[in-house]
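Below you'll find the structure, written out as C-alpha cells, and then a few comments.
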Amino acid sequence: MQRAITAGLRKLIAAPDLAIDLGTANTRLYALGHGLIADEPSLIRIQPETGEVEAVGAHAAWLANVDPYSSSVSPLHAGVVADIEAASSLLKPFLKRAQRFGLFKPRVLACAPTGACEEERAALVEAAQRAGASEVFIAPEPMAAAIGAGLDISSHYAQMLVDIGDGVTDIAVIRSGNLILTSAVRTACSDLRNAVSEMVSYRHGVLLFPQEAERLMHLIGANFDYSQEELVVASGTDWLTGEPLQLCVSSYELNEAIEPVLDTIVEAIHSVVRKLPEETSCEVIENGICLTGGGAMLQGLPERLAAATSLEVRVAEDPMMAVINGARQMLDVGIATDVWQN
Ligand SMILES: Nc1ncnc2c1ncn2[C@@H]1O[C@H](COP(=O)(O)OP(=O)(O)OP(=O)(O)O)[C@@H](O)[C@H]1O
Ligand SMILES: [Mg+2]
C-alpha cells in the first residue's frame with residue numbers, strides 16, 4: 001500500500017526521464033512528456049581568477065564569439081567525457097530545466113559512441129549523476145541514430161549506419177535489433193577543421209581566426225570538383241607579425257587538406273564491410289549507408305562517400321538530431337535495462 005502511494009506520488013512530482021546526447025560539439029536533452037529542452041553547444045566557460053563556472057552552452061558560445069580568445073572549452077574529446085567536473089557543470093543547468101519540485105531526481109538515458117571503453121562510459125555516468133541524475137543508462141549512439149533516422153532496426157536484413165559527428169565517426173551494422181558489428185574512429189568534423197587550419201598556417205603563414213576553418217569547410221565542402229577552382233577569402237593573423245590580414249584560399253588546397261581525413265573515414269567503412277560475412281555484406285551493399293551527424297550536412301560529403309565506397313548513401317531527414325530523436329524513442333518504450341552491448 002505504502003509502496004503504491006510512493007509510486008503514485010513519484011509519478012506526480014518526479015522529474016521526467018531524460019534522454020541525453022552529450023556530443024563533442026553539441027548537447028541535446030529531451031524530457032519525457034516535455035520535448036526537447038536543450039540543444040546547445042557543448043561549451044563551458046570558467047572564470048580564470050575564481051575557477052567558477054561563468055557560462056555554459058549557448059551563453060558560453062556567445063561569450064566566446066564576443067571574445068574569441070577567451071577560454072570556452074568542451075568537456076568532451078572525440079565523443080567521450082574528458083573532464084567529468086566540466087561535463088557535469090555543463091549538464092547541471094539543463095537537468096534543472098526538467099526538474100519540477102526538486103524532489104525525485106530524473107533517470108537518464110545517455111548515448112555514448114560504441115568505441116567508448118568502460119572508464120569512458122563510467123565518466124559519462126558520473127558526470128550525469130553529479131549533474132543530478134538518479135540512475136544513468138547508456139545507449140550506443142549509432143543504435144539511437146538508426147532509430148532516430150527511421151531505420152527499421154528490427155529488420156532481418158543488415159543495415160549500415162554511419163554517424164559523423166564533431167569528434168567521432170561511429171559505424172554500425174544493425175540486424176534484428178542488434179549491433180552486429182561496430183567501429184568508432186576518433187576522426188570527424190573537428191579533424192576536417194584542424195586540417196584546414198594547419199594547411200593555411202603551413203602554406204600561408206596565417207593563423208586563421210576561430211570559426212574561419214569551419215566557414216571555409218562549409219563553403220567548399222567535400223565536392224572535389226577539380227574542373228573548377230574556387231577562391232575564398234579567409235581572415236586571420238600573420239604568424240610572424242601578429243597583424244590581422246585576409247588571404248585567398250583555393251578550393252584545391254582545401255580539398256587536398258581534408259582528403260586524408262576523409263580517407264580515414266572511408267577506410268573505416270571499408271574495413272567494416274570487409275569484416276562482414278559474405279551474406280551480410282551483400283545485404284549492406286543492397287541497403288546502402290544511412291548517414292547521420294553534422295558531417296552528413298557537409299556539402300558533397302555523402303556523394304564523396306558514395307563514390308569512394310561504391311555504396312548508396314542516404315542522408316537522414318534531420319541528421320544532427322538523429323541520435324537524440326532515437327534516444328527519445330528509446331525513452332518512450334522505457335529504460336528499464338542497460339542497453340549497452342559491446
Ligand atoms: N551545415 C553544416 N555543414 C557542414 N558541417 C556541419 C554543418 N552543421 C554542422 N556541421 C558540423 O557538424 C559538427 C557537429 O555535428 P554533431 O552535432 O553531430 O556532433 P556531436 O554530436 O557534437 O559530436 P560527436 O558525436 O562526434 O561527439 C560540427 O563540428 C560541424 O563542423
Ligand atoms: Mg554525436
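General observations
- The one condition in (1) open to solvent by 10 Å² or more (accessible area, probe 1.4 Å); (2) away from ligand 2 (no atom under 14 Å from the Cβ) that ASP39 fails to fulfil: (2)
- Among the conditions (1) under 24 Å from THR292 (Cα atoms); (2) open to solvent by 50 Å² or more (accessible area, probe 1.4 Å); (3) of a type in the set (Ser, Thr, Tyr), the only one that THR27 does not satisfy is (2).
- Residue check, GLN246 open to solvent by 90 Å² or more (accessible area, probe 1.4 Å), more than 16 Å from ligand 1 (Cβ to nearest atom), of a type outside the set (D, E, K, R) and modelled with pLDDT of 90 or more: yes
- For VAL206, the stated conditions hold: it is outside the structural domain of GLU312 (by TED's automatic domain parsing) and either on the phi > 0 side of the Ramachandran plot or in contact (Cβ under 8 Å) with a residue 12 or more places away in the chain (or both).
- So ALA25, is it within 16 Å of ligand 1 (Cβ to nearest atom) and either assigned by TED's automatic domain parsing to the domain that holds GLY293 or at pLDDT below 90 (or both): no
- When ALA87 is tested against (1) within 16 Å of ligand 1 (Cβ to nearest atom); (2) farther than 28 Å from VAL185 by Cα, just one condition goes unmet, and that condition is (2).
- Residue list for the range 282-330, filter: open to solvent by 50 Å² or more (accessible area, probe 1.4 Å) and near ligand 1 (Cβ under 9 Å from one of its atoms): MET297, GLN299, MET320
- Test: residue in the range 257-272 that is in contact (Cβ under 8 Å) with a residue 12 or more places away in the chain and open to solvent by 80 Å² or more (accessible area, probe 1.4 Å): no
- Only listed residue being assigned to a helix (DSSP H, G or I), within 16 Å of ligand 2 (Cβ to nearest atom) and modelled with pLDDT under 95, chosen from MET321, MET330: MET330
- Qualifying positions in the range 49-69 - assigned to a helix (DSSP H, G or I) and open to solvent by 40 Å² or more (accessible area, probe 1.4 Å): ALA58, HIS59, TRP62, ASN65, VAL66
- Condition broken by ASP191, with the remaining ones in (1) part of a loop (DSSP other than H, G, I, E, B); (2) open to solvent by 30 Å² or more (accessible area, probe 1.4 Å); (3) within 16 Å of ligand 2 (Cβ to nearest atom) satisfied: (1)
- Residue check for LEU219: modelled with pLDDT of 90 or more and surrounded by 14 or more Cβ atoms within 10 Å (Cβ to Cβ): no
- Matching residues, the range 301-318, being within 16 Å of ligand 2 (Cβ to nearest atom), among the hydrophobic types (A, V, I, L, M, F, W, C) and outside any helix (DSSP H, G or I): VAL315, ALA316
The values are calculated or read from the model by the stated rules, or taken from the named source; none is laboratory data. A quick note: this is a predicted structure, and the numbers were derived from the prediction, not measured. With ideal geometry, Cβ positions are generated from the backbone for all residues, glycine too; neighbour counts draw on all protein chains shown. What goes into the accessible areas is simple: the full protein's heavy atoms, side chains included, and nothing from ligands, DNA or RNA. Shrake-Rupley method; radii C 1.70, N 1.55, O 1.52, S 1.80 Å.
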